[in-house]
Amino acid sequence: MRMKITPTYNVNDYRRVSPDFIYNRFDLFCEDGFFAVRVGEKVIEYRVDGERAELGLWLTDITAEELEQLILYIVRTHGDVRQITCSNSVIPYGTAKAHNHFRIVFPETVEEMESRVSAKSRSKARKKLRFAEEACGESKITEYEGSEIPDSVVEAFFRFKLATRGREYNMTPAEYLSRYHVSHCYVLTVGETIGAIRFACEQCPVVYGENFAFNPELSDYSLGRYIFMYHLSRMVEKGKSQLFFAGGDFEYKTHYGSIEETVYDCRIDVAKLDLKALEAKYSTSKKLKKKLASLLPKRVGDWLYRLKVRLLG
């Protein structure tokens, strides 16, 4: 079925993007080069950078037919585009790489959220925190937002990641926060020591758990897991709807009522598309002619055919 695709510049339409999530909302972090279109009843955003277009389709409920027509629209509208990509799509298209993805649908109350963790696990986490307090001093979780996030916290995050994962970021704190769209930071300290750090993108109803790190010198106290549990409860308090935290095989992602799904990172090379076939597939004029022909009585159809032959010689 042919879908009507029209551009929109209405800010209220941007909020209709679904899921309403930072990586589907280019309007929140692109000054220019982003576009929003209505695809039937849906609103989808994409951005164009030279020969490359990126679609905001992270867990978006979209059919292959809708995606094909969106691709056609982009190719027609942006003649320089040679490659179209999307991450974490629910359907494969073009060259598609499948992988897993975790998300948590938040309940209405903190009590319901906490009940997803066994009483034994909650007791164990509190006990470990008490041991950390006995060793280092009183514990505290501080929440920072936007420009309030201290450089020293991001630098500690870099050190922890290097020590625990061998990951070097080679960027400044400001560059990291900007590149990964971090809006909030939660810091668990014991005494004067940072024990764990949680970064999140909370600009939308659907939150992205961007990253977290723990102090390897305090690894016996499982402070990373504690701050993760704390963050889940805070999201319920803030009225957030879901948490996306990508894929992988980390054991902690399988808890808290998480849902694991298969998604696809797709690359569509325009040169490999049969654009003529796609145009024909969704051409209303050809379908209309075919439908009208089927409605004509056979006698009239035959007469029109003979007239066409006579006129064309």
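The values are calculated or read from the model by the stated rules, or taken from the named source; none is laboratory data. None of the values given here were measured: they were computed from a predicted structure. Cβ atoms come from the backbone with ideal geometry, glycine included; neighbour counts cover every protein chain shown. Protein only, heavy atoms only, side chains kept; ligands, DNA and RNA dropped before computing areas. Shrake-Rupley method; radii C 1.70, N 1.55, O 1.52, S 1.80 Å.
Structure summary
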quantity: C-alpha center-to-center spacing [the range 255-281, the range 16-79] in angstrom; calculated: 13
quantity: The chain, dipole about Cα centre (Lys/Arg Cβ +1, Asp/Glu Cβ -1), debye to the nearest 20; calculated: 2360
quantity: Of ALA132, ALA200, ALA277, the one that fluctuates the most in a GNM where the chain has Cα springs shorter than 10 Å; calculated: ALA277
quantity: Carbon plus sulfur fraction of accessible area for the chain, probe 1.4 Å, in percent; calculated: 50
quantity: Magnitude of the charge dipole, the range 20-144, Cβ model with Lys/Arg +1 and Asp/Glu -1, debye to 20; calculated: 840
quantity: Estimated vicinal HN-Hα couplings, Hz - the range 26-32 in sequence order (Karplus 6.51, -1.76, 1.60; Gly, Pro = x); calculated: 4, 5, 7, 9, 10, 6, 8
quantity: Label-point separation in nm, GLU261 to ASP49, each point 7 Å along Cα→Cβ; calculated: 2.6
quantity: Most mobile of MET113, MET229, MET171 in a GNM of the chain (Cα contacts under 10 Å); calculated: MET171
quantity: Residue-span extension gain [THR77 to ARG130] - 0.36 nm each, minus C-alpha spacing; calculated: 13.1 nm
quantity: Interchain or long-range residues, amide H under 5 Å from VAL39's placed H; calculated: ILE44
quantity: Tensor-based shape of the range 172-239 (alpha-carbon gyration tensor, a/c under 1.5 rounded, otherwise prolate or oblate); calculated: oblate
quantity: For the range 103-250, with +1 on Lys and Arg beta carbons and -1 on Asp and Glu, the positive-most of LEU232, TYR144, VAL154 along the dipole; calculated: LEU232
quantity: Trypsin sites (Lys or Arg not before Pro) within the range 1-60, DSSP loop, no more than 10 other Cβ atoms inside 10 Å; calculated: LYS4
quantity: Total charge dipole magnitude, the range 139-260, about the Cα centre, Cβ charges on Lys, Arg, Asp, Glu only, Debye to nearest 20; calculated: 200
quantity: The range 125-197 - Rg (one decimal) and Dmax (whole number), Cα, Å; calculated: 13.4, 38
quantity: Equivalent ellipsoid, the chain (semi-axes from 5 times Cα gyration tensor eigenvalues, Å); calculated: 52, 20, 16
quantity: Cleavage-rule hits (GluC sites (Glu not before Pro)) in the range 1-77: DSSP loop, at most 14 neighbouring Cβ within 10 angstrom; calculated: GLU31, GLU41, GLU51
quantity: Distance between modelled label sites at ASP32 and ASN211, nm, 7 Å Cα→Cβ extension; calculated: 3.0
quantity: Using a Förster distance of 35 Å, the FRET efficiency for GLU155-ALA271 (Cβ separation, nearest 0.05); calculated: 0.20
quantity: Note, ³J(HN,Hα) from phi for the range 93-104, Karplus 6.51, -1.76, 1.60, rounded to Hz, x at Gly and Pro; calculated: 7, x, 8, 10, 10, 7, 7, 8, 8, 10, 8, 10
quantity: Cleavage-rule hits, chymotrypsin sites (Phe, Trp or Tyr not before Pro), the range 238-277, DSSP coil, Cβ neighbours within 10 Å at most 10; calculated: PHE250
quantity: Residue with peak Gaussian network fluctuation, the chain [Cα springs, cutoff 10 Å], from ASP27, ASP274, ASP80; calculated: ASP274
quantity: Residue-by-residue Karplus 3J(HN,Hα) for the range 13-18, coefficients 6.51, -1.76, 1.60, Hz, glycine and proline x; calculated: 5, 4, 6, 8, 4, 9
quantity: Helix runs (DSSP H) in the chain reaching 15 Å along axis by Cα, Kyte-Doolittle at least -0.5; calculated: 64-77, 151-165, 223-237, 298-312
quantity: Accessible area expressed per residue, the chain, with surrounding protein chains retained (probe 1.4 Å, Å²); calculated: 56
quantity: Under 5 Å, built H, 5+ apart or other chain: amide partners of SER183; calculated: ALA200, CYS201, GLU202
